[in-house]
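All of the numbers you see were taken from the coordinates with simple rules; none came from a lab. This one's a predicted model, so the numbers in the text were calculated from it and none came from an experiment. Virtual Cβ from ideal backbone geometry, glycine too; neighbours counted across all protein chains shown.
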Amino acid sequence: MSNELILHHYATSPFSEKIRLILGFKGVAWRSVTVPPIMPKPDVIALTGGYRKTPFLQIGADIYCDTALMARVIEAHYPEPSLYPAEISGMAQMLAQWADSTLFWTAIPYTAQPAGLAALFANARPEALKAFAADRAPFTSSMVRQTPADATMALHTYLGWLEMHMADERDFLAGGQASIADFSTAHCLWYVHRAPELARIFGGYPKLRAWFERVRAFGRGESTPMTSADAIDVAAKAKQHAPTEVQAGLGFSRGDAITVMPTDYGRDPVAGTLVGLTNIEVVIEHRDERAGTLHVHFPRLGFQIRKQEQAT
Ligand SMILES: N[C@@H](CCC(=O)N[C@@H](CS)C(=O)NCC(=O)O)C(=O)O
């Protein structure tokens, strides 16, 4: 079926865990394509046109990059239960943005301490570890990495804030109902949890621990494996794309040759022809020999758009 959700991800990726838990929350069946955690990723690039981050979502010949947009797309296809309940949606999205950036970039360096690396890469060969480090160095070169001391202090601070926030016995972070805030926060803590020695940091935060178990209980939905070659074939055989619009007054016109680039890290510009632009998403058309004509969607927020002649 060409409208099935195909998640391109790998098991140890925290942002992938965010989407897997959302699919569990929604009770959705999905197809699972495992992507390489480091470059080269020829089948990923064939579909995304150059975006290398993990995960991304494919529906036919539409490719959705970045979990902020993927969550919205999943919500549009499966509205219930909502990730954005009306009365808490503003707070939930602000919390989610904080978690996906600040909390995530505290959990990662906290877990990169020797005890964390020993647990997370227990079965990795030394060459694989070296290749991973070499891959991630340029990927995060635009950032100041926290030292273990910085990250431990910051993580304690943030866990303390979250614990205080739950002092009113709320079940979920933005209120009585689950929302996007819970999934954005949970994937960061999930990553730390995978390193048992470092996960002891959660000991002093009982309400947060109980909340984490509530979110984990949503599960990950029902998935069936698919090869990347089959996913490319699905794209090539798709007959149409999701409808898009280029709204007036947003600085660009349909057909412009543009690049789209994340503004935080992994700043690889993706080039294509503009086919969709709103305050929510920017969509480019990209052609690939194997996958055919794809529409690659990015969130507007957190991405820079430039006309190709301006891009350097
Ligand atoms: N803002 C992105 C962040 C995604 C991200 O940083 N993913 C990590 C893995 S969890 C990544 O791409 N690592 C490098 C890679 O997989 O090639 C999102 O929400 O999807």
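The table below gives the values:
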| read-out | value |
| --- | --- |
| Environment charge at residue 294 (Cβ cut-off 9 Å; Lys +1, Arg +1, Asp -1, Glu -1) | -2 |
| Max mean-square fluctuation residue, GNM over the chain, Cα-Cα springs under 10 Å, options 81, 126, 14 | 126 |
| Anisotropy class of region 49-184 from Cα gyration tensor, a/c 1.5 cut | oblate |
| Total formal charge among the other residues, if their Cβ is under 11 angstrom from that of residue 226, Lys/Arg +1 and Asp/Glu -1 | -2 |
| With Cα atoms, 0 to 90° folded angle of helix 89-98 axis to the chain main axis | 80 degrees |
| Charge dipole of the chain about the Cα centre (unit charges at C-beta), most positive-ward option of 296, 144, 274 | 144 |
| Helix 67-77 vs. the chain, principal-axis angle (Cα, 0 to 90°, nearest 10) | 70 degrees |
| Region 87-216, relative contact order [Cα under 8 Å, separation at least 6], % | 42 percent |
| Over the chain: helical MRE at 222 nm, DSSP H runs n ≥ 4 each giving -39500 (n - 2.57), nearest 500 | -12000 deg cm²/dmol |
| Cross-link pairs beyond the 30 Å C-alpha cut-off, checked among 18/130; 41/237; 53/207 | 53/207 |
| Fluctuation leader among 286, 77, 156 - the chain, Gaussian network, Cα springs under 10 angstrom | 77 |
| By average C-beta atoms within 10 angstrom, highest first, the peptides 163-169, 113-119 | 113-119, 163-169 |
| Amide H contacts of residue 113 (H built 1.01 Å from N, under 5 Å, at least 5 apart or other chain) | none |
| Percentage relative contact order, the chain, counting C-alpha pairs under 8 Å, at least six apart | 26 percent |
| Other-chain or far-sequence residues with amide H under 5 Å of residue 223's (modelled H) | 30 |
| Dipole magnitude of the chain about its Cα centre (Cβ charges: Lys, Arg +1; Asp, Glu -1), debye to nearest 20 | 520 debye |
| Under 14 Å, Cβ to Cβ, from residue 179 - net charge with Lys/Arg +1 and Asp/Glu -1 | -1 |
| Shape category assigned to region 62-102 from the gyration tensor of Cα positions, a/c cut at 1.5 | oblate |
